[in-house]
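Chemist: Just passing along the structure, written as structure tokens.
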Amino acid sequence: MFAYNMMWIKKVYVCVWVGLCLFNLLIVKTYASEPSHGTAVFGALKYSADFTHFDYVNSAAPKGGTFTTAAMGTFDSLNPFIVMGTPASGVLATHATLFDSALDETGSSYAYVAESIEIAKDKSFIIFHLNPKACFDNGDRITVDDVIFSFNTLREKGSPIFKTYYKGVSHVEKIDATTVKFHVIDAKNRQLAMILGQLPILSKVFFDVHDFAKPLATPSPASGAYKVVMVDFGKRLVFERVKNWWGENLSTQKGLHNFDRLVVDYYRDSNAMFEAFKAGKVDFRHENSAKLWTTSYDFSAVQKGHVKKELIAHKNPTPTQGFFFNLRRPIFKDWRVRAAITQVFDFTWINKNIFSNQYVRNESIFPNSPFAQKGLPEVAERDVLMDYRKSYPEHVSAALFDTPFTLPQHHDANDIRDSRKKALALLAEAGWHLINGKLIHKETKKSLTFEFLNIDPAMEKIVLHFKGALAAIGIDMRIRSVDVSSYVERVHDYNYDMICSGYNQTIMPGNEQRVFWGSKGADAKGGMNYAGIQNPVIDDLCEKIAEADNYEALTVAMRALDRVLLTSYVMIPNWHRGTLSVAYWDRFSKPEAPVLYAHTPYTASWWFDVEKDKKLKDAFIVSDDDMIRNEIKQIGVFGRLRLWITHFVRWK
């Protein structure tokens, strides 16, 4: 009798379970849009469901060859998603995502690990249907369990940025073997579908036995086109293209990932890294120094055409970059101190004497973009700012509404004197007075001293000049240069007074602005709110950006945020150029169509050109023979023998 009752109960349970599943599917079909191959934040998709490849790739690009790049510093971890450790460059290439962004349109992405997406009409959920062919390089299928694990693990144990990115989701649900449902609690966030599409896929099986929260020494299974095949921590990392990769012929991946091997060599010194490029040990270089670009690219390989120099035009917003004040420090609590320090920074001298006048001063937190403030606010922007007028200090209110924000120009000695007078007046209002060449606070009797934490040797001349400008008004700025590991640790702990740092910005800004400027990230270890901003006005503007209904509203909110950040003096904006300066050894070919919205690695669409490589090697053999003839005259018989053996072994 008991067995009969148990059998009856099981049948009822199964019926109820099946009924609930059918009901759930019915609800999904009723309230979800039709499955789509792509998603756009605003407007329509450029590519139709039957597209075969992006316009900016060569779908017939040959596979093969090696592409070697250089990185500065060191690394001790293969996990780029956590605070602990210094992650290796390029590891993100091993992780596929649910969807992949198009680089010739704004705010659009298309099928990758997920072959389609459904979004609830009321935005209450987002469903991804996985590609049944998707797998890791070890042959394990990518499952819904992997997707759920990736999402939950990144949000709970990853860098604080993921908690902010994914805060609009309450939980994730497995619908069936290939269907995963994200339950949304922030229906106003129009970018959430795109953000979830960027979810990197991790192997649950692997991380069940490896602690995700600690630096990773063993490569995890690759879901992307490349896997790690060799690691020499702090020195070299080698990736290999996965053979018979499952995503090879996807429309979003066709024509990409063309090199058989990617090599990243690490250098502790920027000069050594440049010399390695000149010697042919590094294939590609993105030149950040205008002075080097102007004065140091005249070596033999450039003159003979073996190394190509290019200025790459693009439509990317310039990254936000500047000297960040750490507002967590008492010395920088007063905006007048920050404004005074900003006043004496002499970009004009630096641009002329260090940059060869190659740069333009950033007059915005979002330079070279539609989101940069200009002049006085227009009507729509003014309406947004008026909502907060009572929250502004008097100086901010005047700067926002009545006077266009500008940074000081130092064209001559009079300009410099005027800036110093303004700076000292601001400091006097804040209680700092110049006594015997030092600024002393009238109450604490302490001198105005702070430390600039530096990691980049190329920045030293700039910072030294800044130090001199500050010393002229009685401020003592000490410069501390540290190695990469120490720098990363101190920045994660916010253990600095001032740093030079920044953020890459996108043509479709959104959630990430909360991460950069939001109050909730000010004290989260390993966060990216470098200035430590805790400002309810800025918080609200970040929400307006994330929830913008259209591109016009987004633009207005971004410009308003730009004005508030500038007038709050949270950083001293740096400089930019409107193009990318790149140099590379002429053994590669690339598509004719430009990639409009991508910084490096836009080289993902390049390929190894066998004929060019042969010509390059032949040219070098001739060059070496000429060099040998010249050296033979000076080094005698034994030196002659040594040289021939060396060159024979090298080209063998």
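Chemist: Which of the following residues is among the charged types (D, E, K, R) and under 23 Å from residue 540 (Cα atoms): 163, 181, 174?
Modeler: Residue meeting the stated conditions: 163.
Chemist: Is it the case that segment 83-90 has a residue that's surrounded by fewer than 20 Cβ atoms within 10 Å (Cβ to Cβ) and touching a His at 6+ places or on another chain (Cβ under 8 Å)?
Modeler: Taking every residue of segment 83-90 in turn, at least one turns out to be surrounded by fewer than 20 Cβ atoms within 10 Å (Cβ to Cβ) and touching a His at 6+ places or on another chain (Cβ under 8 Å).
Chemist: When residues of segment 298-326 are filtered for being in contact with a helix residue (DSSP H, G or I) (Cβ under 8 Å, 6 or more places away or on another chain) and assigned to a loop (DSSP other than H, G, I, E, B), how many remain?
Modeler: Final tally of qualifying residues: 4.
Chemist: Exactly one of (1) loosely packed, with under 15 Cβ neighbours inside 10 Å; (2) not in a loop (DSSP other than H, G, I, E, B) is unmet by residue 288. Its number?
Modeler: (2)
Chemist: Does residue 479 satisfy being under 30 Å from residue 433 (Cα atoms), in contact with a Phe, Trp or Tyr (Cβ under 6 Å, 6 or more places away or on another chain) and buried (at least 19 other Cβ atoms within 10 Å of the Cβ)?
Modeler: Criteria not met by residue 479.
Chemist: Identify all residues within segment 335-352 that are more than 30 Å from residue 523 (Cα to Cα), in contact (Cβ under 8 Å) with a residue 40 or more places away in the chain and either out of contact with any helix residue (DSSP H, G or I) (no Cβ under 7 Å at 6 or more places or on another chain) or of a type in the set (A, V, I, L, M, F, W, C) (or both); write none if there are none.
Modeler: 347, 348, 349, 350, 351
Chemist: Let me spell it out: the conditions are (1) in contact (Cβ under 8 Å) with a residue 12 or more places away in the chain; (2) farther than 30 Å from residue 260 by Cβ; (3) surrounded by fewer than 17 Cβ atoms within 10 Å (Cβ to Cβ), and residue 40 meets all of them except one. Which number is the exception?
Modeler: Unmet condition: (3).
Chemist: State whether the residues of segment 408-415 include one that is more than 30 Å from residue 540 (Cβ to Cβ), assigned by TED's automatic domain parsing to the domain that holds residue 485, loosely packed, with under 15 Cβ neighbours inside 10 Å and acidic (Asp, Glu).
Modeler: yes
Chemist: So residue 352 ticks every box in (1) of a type in the set (Lys, Arg); (2) part of a loop (DSSP other than H, G, I, E, B); (3) loosely packed, with under 15 Cβ neighbours inside 10 Å but one. Which box is left unticked?
Modeler: Here residue 352 clears every test but (2).
Chemist: Could you tell me how many of the residues in segment 54-82 are over 25 Å from the mean Cα position of the chain (by Cα), buried (at least 18 other Cβ atoms within 10 Å of the Cβ) and of a type outside the set (Gly, Ala, Ser)?
Modeler: Here the count works out to 1.
Chemist: Say whether the condition of being more than 24 Å from residue 488 (Cβ to Cβ), touching a residue at least 60 places away in the same chain (Cβ under 8 Å) and not in a helix (DSSP H, G or I) is met by at least one residue in segment 87-96.
Modeler: yes
Chemist: State all residues of segment 193-238 that are among the charged types (D, E, K, R), within 30 Å of residue 269 (Cα to Cα) and surrounded by fewer than 19 Cβ atoms within 10 Å (Cβ to Cβ); if no residue qualifies, say none.
Modeler: Across segment 193-238, the qualifying residues are 214, 232, 235, 236.
Chemist: While we're looking at this one, here's another question. Could you tell me whether any residue of segment 316-334 is more than 30 Å from residue 512 (Cα to Cα), surrounded by fewer than 19 Cβ atoms within 10 Å (Cβ to Cβ), over 25 Å from the mean Cα position of the chain (by Cα) and free of Cβ contacts under 8 Å to residues at least 24 places away in the same chain?
Modeler: Among the residues of segment 316-334, not one is more than 30 Å from residue 512 (Cα to Cα), surrounded by fewer than 19 Cβ atoms within 10 Å (Cβ to Cβ), over 25 Å from the mean Cα position of the chain (by Cα) and free of Cβ contacts under 8 Å to residues at least 24 places away in the same chain, which makes the answer no.
Chemist: Only residues that are more than 14 Å from residue 224 (Cα to Cα) and in contact with a strand residue (DSSP E or B) (Cβ under 7 Å, 6 or more places away or on another chain): list them for segment 122-144, please.
Modeler: Hits for segment 122-144 are 123, 124, 125, 126, 127, 128, 129, 130, 144.
Chemist: Looking only at segment 178-192, count every residue that is surrounded by 16 or more Cβ atoms within 10 Å (Cβ to Cβ) and part of a strand (DSSP E or B) and tell me the total.
Modeler: Of the residues in segment 178-192, 5 are surrounded by 16 or more Cβ atoms within 10 Å (Cβ to Cβ) and part of a strand (DSSP E or B).
Chemist: Restricting attention to segment 270-300, which residues are of a type outside the set (Gly, Ala, Ser) and in contact with a Pro (Cβ under 7 Å, 6 or more places away or on another chain)?
Modeler: Across segment 270-300, there are no qualifying residues.
Chemist: Hey, does segment 147-165 have a residue that's among the aliphatic types (A, V, I, L, M) and over 24 Å from the mean Cα position of the chain (by Cα)?
Modeler: For segment 147-165, residues among the aliphatic types (A, V, I, L, M) and over 24 Å from the mean Cα position of the chain (by Cα): present.
Chemist: With at pLDDT below 95, of a type in the set (Lys, Arg) and either in contact with a Cys (Cβ under 6 Å, 6 or more places away or on another chain) or under 24 Å from residue 40 (Cβ atoms) (or both) as the only criterion, which of 181, 188 stands out?
Modeler: Just a single option satisfies the conditions, and that option is 188.
The values are calculated or read from the model by the stated rules, or taken from the named source; none is laboratory data. Not measured: the values here are computed from a predicted model. Here Cβ is always computed from backbone atoms with ideal geometry, including for glycine, and neighbour counts include all displayed protein chains.
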